[in-house]
Amino acid sequence: MELAKREWSGKEVAEMHRQYIMQSWSKCGGDVLPVEKAKGIYFWDYDGKKYADMASLLVCSNLGHGLPEIVEAVKTQADKMCFMAPAYASEPKSRLAKMLVEAAGSDIYRRVFFTNDGAESNENAIKMARMVTGRTKIFSCYRSYHGATLAASNASGDWRRFAAEIGGANGFVKFMNPHMYRDGYDKGVDDAMVTKKSLEALELQMRYEGPENVAAVLMESIVGANGVILPPDGYMEGVRALCDKYGILLICDEVMAGFFRTGKWFAWQNFDIKPDMITFAKGVTCGYVPLGGVIVNGRVADYFEENVLQCGLTYSGHTLACAAGVAAMNYYKEHEIGKHVMQMQGILMPFLEHMAEKHICVGEARCIGLFGVLEMVKNKQTREPMQEYGIPGPWMPWIFTELKKRGFATFGRENFIEICPPLIITERELEEYLPVLDEVLTMVDEKLEGGML
């Protein structure tokens, strides 16, 4: 009882976590860092050590931690009404839906279905696509991640889908989306050839599956958790054209890339396309309160004006979450976050490109807005990855540990390091912490040269 009444030490918080928490994508009972507080681009452990959040946690804390505008909006709404069921209208929900439709383009998009997170957003977009088209199959990429619920997991391409496939959902078809560097090509040189080959392969696969059976193609506008993979020129436009040719809906997953991560409201706005549905989460509230959703165009909206929407969640359009979303959307606009992101890209992108030139352990740098990654290799000439896909190795975890020791907190998987700081990061903060990355990469170079890797 004494432990329950008083404040816990960091050691106690970590021990209770190890003892009682089932940790996502991990074996239970491992070591964990207890975090006491967070503000701006930083968080602190219980020993007072400061960490720069160079990944926006899970690429969701777009506006940093403890932003007064969002905190106050939640407090104000909590005093008035914390929650109202989905069947009732509330001002935060109505305001946010209108703002989202306008951000996407009110000439095309009409309505929003709210969820609690990105997985549920994709889950419900898949259900809508099947209802609208009367078709069953969903095409999605191998190099992708769409969430941990049943359909979202089955749509995902990476290893995190495997548990959901055990007696899981039917009708999911994977195709290999292009990754210029990993496939042995050079972006800006081989785009036209790769786009042509990739689209021809995708169309052939659609014909083998029967395009009349395909409800939707679900794609991340820019692949996020699998390495910030930028599509070759013309590829996204080509996928849109194939969808139009066969009456297939295009769903763009903007869960990670949306809300100015690439400098625009949504990453698909970097291409000459308009998806039929846009799934979102993360940056809509920056994680202050969980929220996600699906923005739909006129075709989808019209269908559900004549037919029952067979989607429902107790917390759809949760009142506190929507209040946080309205505050975040206002902040993005009033503080011209898109303009700021492009200014900071002017610092981050050249730095990452310099790291690729300088270090023998870096094969390629990719960056758009504040969505950046370094692809780590053992051999620059052969592009041999530091860690092969699906084969655990010691060196990438070692790199992340060394970065964290120096107060540089980020993440990645397989052979890449993601650099996706909060969008409010300043030039001074970037210039203070990016050299930490350079320092650790130098250590990796030395291990490669010494034959330790």
Original post:
Do you know which residues across segment 71-91 are small (G, A, S) and either crowded, with 18+ Cβ neighbours inside 10 Å or within 12 Å of A321 (Cα to Cα) (or both)?
Top reply: A73, A78, S90
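Before we move on, is P68 under 25 Å from K282 (Cβ atoms), surrounded by fewer than 12 Cβ atoms within 10 Å (Cβ to Cβ) and either modelled with pLDDT under 95 or not aromatic (F, W, Y) (or both)?
Spelling it out, P68 is indeed under 25 Å from K282 (Cβ atoms), surrounded by fewer than 12 Cβ atoms within 10 Å (Cβ to Cβ) and either modelled with pLDDT under 95 or not aromatic (F, W, Y) (or both).
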Subject >> Sole exception among (1) closer than 27 Å to G317 by Cβ; (2) within 22 Å of the chain's Cα centre (by Cα) for R130, by number >> reply: (2)
Original post:
What's the number of the condition W44 fails, among (1) closer than 27 Å to E431 by Cα; (2) touching a residue at least 60 places away in the same chain (Cβ under 8 Å)?
Top reply: (2)
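Looking at segment 343-354, can you tell me whether even one residue there is among the β-branched types (V, I, T) and either surrounded by 23 or more Cβ atoms within 10 Å (Cβ to Cβ) or under 30 Å from G451 (Cβ atoms) (or both)?
no
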**OP:** Any residue in segment 113-130 that's touching a residue at least 12 places away in the same chain (Cβ under 8 Å): show its pairings with residues that are β-branched (V, I, T) and in a helix (DSSP H, G or I) at Cβ separation under 7 Å, as long as the two are six or more apart or on different chains.
**Re:** M128/V300
**OP:** Return the residue satisfying two criteria in turn: it lies in segment 263-290 and is more than 22 Å from A155 (Cβ to Cβ) and of a type in the set (S, T, Y), and of such residues it is surrounded by the fewest Cβ atoms within 10 Å (Cβ to Cβ).
**Re:** Y288
Original post:
Restricting attention to segment 92-144, which residues are closer than 22 Å to C322 by Cα and of a type in the set (D, E, K, R)?
Top reply: K93, R95, K98, E102, R110, R111, D117, E120, E123
Original post:
Which of (1) in contact (Cβ under 8 Å) with a residue 60 or more places away in the chain; (2) under 18 Å from the mean Cα position of the chain (by Cα) does N415 not meet, given it meets every other one?
Top reply: (1)
Original post:
Going through segment 178-200 one residue at a time, which ones are outside any loop (DSSP other than H, G, I, E, B) and farther than 24 Å from K274 by Cβ?
Top reply: M193, K197
**OP:** Output the strands (runs of 3 or more DSSP E) that fall wholly within segment 344-427 and possess 1 or more residues being modelled with pLDDT of 95 or more and of a type in the set (G, A, S), or say none.
**Re:** 362-368, 371-379
Subject >> Of residues in segment 256-274 being in a loop (DSSP other than H, G, I, E, B) and free of Cβ contacts under 8 Å to residues at least 40 places away in the same chain, the one nearest to the chain's Cα centre (by Cα) >> reply: G258
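Given the structure, is Q23 touching a His at 6+ places or on another chain (Cβ under 9 Å) and more than 21 Å from V289 (Cβ to Cβ)?
yes
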**OP:** Can you confirm whether segment 120-127 contains a residue that is modelled with pLDDT of 95 or more, closer than 23 Å to R240 by Cα and of a type in the set (A, V, I, L, M, F, W, C)?
**Re:** yes
Subject >> Members of segment 224-255 found to be part of a strand (DSSP E or B) and either in contact with a His (Cβ under 8 Å, 6 or more places away or on another chain) or not assigned by TED's automatic domain parsing to the domain that holds G292 (or both), listed by number >> reply: I229, D253
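Return a yes/no flag: does segment 429-441 have any residue that is in a loop (DSSP other than H, G, I, E, B) and either free of Cβ contacts under 8 Å to residues at least 40 places away in the same chain or at positive phi (or both).
no
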**OP:** Please specify each residue of segment 219-253 satisfying the condition of being closer than 18 Å to N297 by Cβ, surrounded by 24 or more Cβ atoms within 10 Å (Cβ to Cβ) and of a type in the set (D, E, K, R).
**Re:** D253
**OP:** Could you please find all residues in segment 7-36 being surrounded by 12 or more Cβ atoms within 10 Å (Cβ to Cβ) and basic (K, R)?
**Re:** R18
**OP:** Only residues in segment 176-194 that are more than 15 Å from C367 (Cα to Cα) count as the first member; pair them with residues that are surrounded by fewer than 18 Cβ atoms within 10 Å (Cβ to Cβ), Cβ under 6 angstrom, at least 6 apart or cross-chain, and list the lot.
**Re:** M176/Y142; D191/D233; V194/Y185
Original post:
Only one of (1) within 29 Å of C367 (Cα to Cα); (2) under 23 Å from the mean Cα position of the chain (by Cα) is not met by W44, so which one is it?
Top reply: (2)
**OP:** Say whether the condition of being among the hydroxyl-bearing types (S, T, Y), in the same structural domain as L100 (by TED's automatic domain parsing) and assigned to a loop (DSSP other than H, G, I, E, B) is met by at least one residue in segment 319-327.
**Re:** no
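The values are calculated or read from the model by the stated rules, or taken from the named source; none is laboratory data. It should be emphasised that the depicted structure is a prediction, and the values quoted were computed from it without experimental measurement. So basically every Cβ, Gly included, is an ideal-geometry build from the backbone, and we count neighbours across all protein chains shown.
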